[in-house]
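Colleague: So that we are looking at the same thing, I have put the structure below in structure tokens.
Since every read-out is calculated from the coordinates, none of them should be taken as a lab result. Computed from a predicted model, the values in this text were never measured in an experiment. We place every Cβ from the backbone using ideal geometry, glycine too, and count neighbours over all the protein chains shown.
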Amino acid sequence: MSIFSYKQRNNITLLIIIALGCLILYSLQGIFGSILSTLVLYTILRPGYVYLVDVKLMSRSLAAILLLFISVVVLILPFYALSSMVIEKIAELQHNPAYLKDILFKLKHLMPMGGSSQNLVEEGLKKAGTWATELFPSIITGAFNIILGLMLMYFLLYFMLVQMEAFERALIKYAPFREQNVQRFAEEMRNTTYANVLGQGFIALVQGSLLGISFYVLGYTDPVFWGVITTFISFVPVLGPPVVFVPAALLQIANGNSFAGWAMLIFGFVVIINIDNVLRFMIAKRVGNIHPIITVIGVVIGIPLFGILGLVFGPLLISWFILLIKIYETSAMASERLERIKTISE
């Protein structure tokens, strides 16, 4: 006969489950980015998968493989190609001290700086270059980790799509919410994912493209490179495109190209910045809006965890966290009402 009661055995089993779960989560911390990427891509690809299977009557495996291939071509390959280009350009600038000294010399004549200020700016430029190089995933040095992460992500994503009903039933079954709250969480999670990934990504792409085109038309050097940089920076509302076009315009003015400098400043502040508000309003009407405070805090949290992908994943995690708090508050209020009704009836 066991020395433990039925309740004690259940409590011990629960403790073992919690301990093993914590150990598993700790072991998975290195691939957490891949798991999060899988959830994001599943949310984005799910409508397309349902359309191919239910409307076009395509086989599940073929539909999943087709969508995974499209995601590689549209998302993965361009991202790592652009990241590689940015890394090479930043390394080239870092190994060219004369270029940085020339910039500092022109800025000094445009905005007089003392010796200490000049050293501070020079050190800041060097640290910014090092930080940006570490931020982007290097295809050469991190090839193994990148390939492993992508293989894991697509392996999970394939089975999540092919076994979509079983996966979603399991989520509903084991989710610590009532069924209506699970449906609400799924819908709002989809909206916040679309707003963060597709919405903000589209805004950043438009702003980066506008800056690159304006640089090209006005005769600035490396318009493609600076357009890509602006696309990434545009994910951060507080910084945004002015971080790129304001110094570039000032350098043009310092070089004597007043028209190119002032034209860029006017176009940047009138069009590039304000296009953000127009597009954000249109996106908010369709899938919801993400407050800039959430975006900034998310970026601060996300970049140390996920690198450049933290620009997307950080705000997404904050949005999901706030959504869970709202659902918890709704459930708590419902429980309190039931308790009151039960007390009154007794």
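Colleague: Could you tell me the calculated FRET efficiency between SER258 and SER209, based on Cβ-Cβ distance and R0 = 22 angstrom, to the nearest 0.05?
Modeller: 0.30
Colleague: Just order 19-32, 211-224 by mean Cβ neighbour count inside 10 Å, highest at the front, would you?
Modeller: Ranking, from highest mean packing down: 211-224, 19-32.
Colleague: Whole-Hz Karplus ³J(HN,Hα) for the range 75-82, in order, using 6.51 cos²θ - 1.76 cosθ + 1.60 and θ = phi - 60°, x for Gly and Pro?
Modeller: Along the range 75-82, the couplings run 10, 6, 4, x, 4, 6, 5, 5 Hz.
Colleague: How far, in nm, would the chain grow between LEU171 and THR13 when pulled straight, counting 0.36 nm per residue and subtracting the alpha carbon separation?
Modeller: 54.7 nm
Colleague: Under a crude label model (7 Å from the Cα following the beta-carbon direction), how far is ILE301 from LEU150 in nanometres?
Modeller: 2.9
Colleague: What are the equivalent ellipsoid semi-axes of the range 178-346, built from the alpha-carbon gyration tensor (square roots of five times its eigenvalues), in whole angstrom, biggest first?
Modeller: Three semi-axes, in Å: 45, 14, 12.
Colleague: Roughly how many nanometres apart are two label points built 7 Å out from the Cα toward the Cβ at TYR51 and LEU25?
Modeller: Inter-label distance under the simple model: 3.7 nm.
Colleague: Summing Lys, Arg as +1 and Asp, Glu as -1, what charge do residues with Cβ under 15 Å from the Cβ of ALA81 carry, ALA81 excluded?
Modeller: Spelling it out: positives minus negatives among the neighbours equals 0.
Colleague: Still on this model: For PHE281 and TYR216, FRET efficiency with R0 = 30 Å and r from the beta-carbon atoms, rounded to 0.05?
Modeller: The calculated FRET efficiency here is 0.60.
Colleague: At R0 = 22 Å, how high is the FRET efficiency between PHE269 and VAL74 if r is their beta carbon distance? Nearest 0.05 is fine.
Modeller: Once rounded, the FRET efficiency stands at 0.10.
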